[in-house]
Structures are given as structure tokens and as C-alpha cells.
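Nothing in this text is a laboratory measurement; each read-out follows from the coordinates by a stated rule. Owing to the predicted nature of the structure, the values given are computational and were not obtained by experimental measurement. Cβ: placed from backbone, ideal geometry, glycine included. Neighbour counts: every protein chain shown.
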Amino acid sequence: MRSLTGTGLVVAALAATVAALLFPVWSYRDRVGTGAVDLTARSMATRYGPLSPLDRDFIDRVRLAGLWELPAGQQAQERGTTAAVRRAGEHLVAGHTTLDNHVRQVADQLGLDLPNQPNAQQRGWLTRLGAVRGGAYDRAFANILRLAHGKVFTVVAQVRATSRNALVRSLADDANATVLDHIGVLEDTGLVDFDAIAEQTLTSAPPPTTRPTRARTPSEPT
């Protein structure tokens, strides 16, 4: 039987996760002045193809994902009470280590700044996971991370389908494979509440915007 504390933490964290992850899709869709022509006009020319605002946001978010999901995976390896949860943690660590190396290479080639720490919401999710133990931890980990990867999956598909930048398309391919692998191992825990995920996805309101990504000047460090 699920504990009230564990269930409450999962529901609250799912709502917060959906709010943050909906931004890329909501931000560049169905808003005045953000159609295809406008996005093209605001793209930055690079030797690898035009870099759109959505491309830049995607690069930023791949980096942010690794900054909180990698430590979450390490935590699951230590704190998970089942072999399946610990295995999911191992996949998160391996996947985001590789993906983080890739996104840093892309950012360096494009001269972009990247965040160096999780944002406030992501730090909050890590704090919530750190506050629970036992079966409550296993459920919170599986559901928070499964929802996060499910939303990222739709964003990756959008970027891969629309980007005109070769580096971004390559990063999206890598991210797609990583996300699919993580979705699979999280579902293999047998702890994912698909009804709760569907409900939170449908009822979440659009979140606020994220920090802007800017081009790095040649004199700045990576």
C-alpha cells in the first residue's frame, strides 16, 4: 500500500515537472509572431546551417537535463530498493554522461554558453527525491523521471523534424536514443503510474520562460 507522503510527493513533483518541460513546445507554437517566417528571421547563421531560437533552447535543455538527471541516476543506484530501480539509475548515468559530452561539443562548435547548474525547479526535484526513502523513493524516482523523459521525447521529435542545423539534428538523434532507452528502463521498474502521468500532462498550465541562451564571444571560456 502506498504511503500518503510518497504519493503526495510524486503528484506534486509530476505537476512541477510537466510545467517546466512544456515550455519548448508551448513557447514556439501558436503564439503571435513566432511562425515559421519569424523563426527564420531570428535564426543565427552558422557554418552548420541556421540556428533557430528553438534549436538554441533545445541545446540549453539537453545540458540542463543532464545536470539534474545524472545525479538523480547516481542517487537511484545508491538508494533504490529494487534491482530494476538501480538499473534505471545506471542507464541514466551512462546515457547523460555521453549526451552531456555531446551537447558540450555542439555548444563549443557553435560558440554558445551553457548552464553550469540545474535550474531552481530541477534542484527542487532533487530535493524532493532526497527527502524520501524505501518504496516511496522508488515510486517518486520512477514517476518523476518517466514523466520528464516522456515530455522531452516530444520536444526532441519537434526539433529533429524542423532544425536546419546539422549539429542540432545530430544531437537530437543522440537525445532520441537516450530518452527512449531511459523510458524503457523506467517502465521496467513496474512503478510508473501511467494514469497520473496522463492526467498531469493534460491539466498542466503553460510554464514561464527559461533563461536565454546567448552566443559566446571568442574571448570567453567554455
Mind checking the full-extension length gain between ALA196 and ASP181? Use 0.36 nm per residue of separation minus the Cα-Cα distance, one decimal, nm. 3.3 nm
Once label points are set 7 Å from the Cα along Cα→Cβ at both ALA157 and ALA131, what is their separation, rounded to one decimal in nm? 3.4
Of 106-116, 63-73, ordering from highest average Cβ density within 10 Å down gives 63-73, 106-116
Extension gain MET44-ARG123, at 0.36 nm per residue separation less the Cα-Cα distance, in nm? 25.3 nm
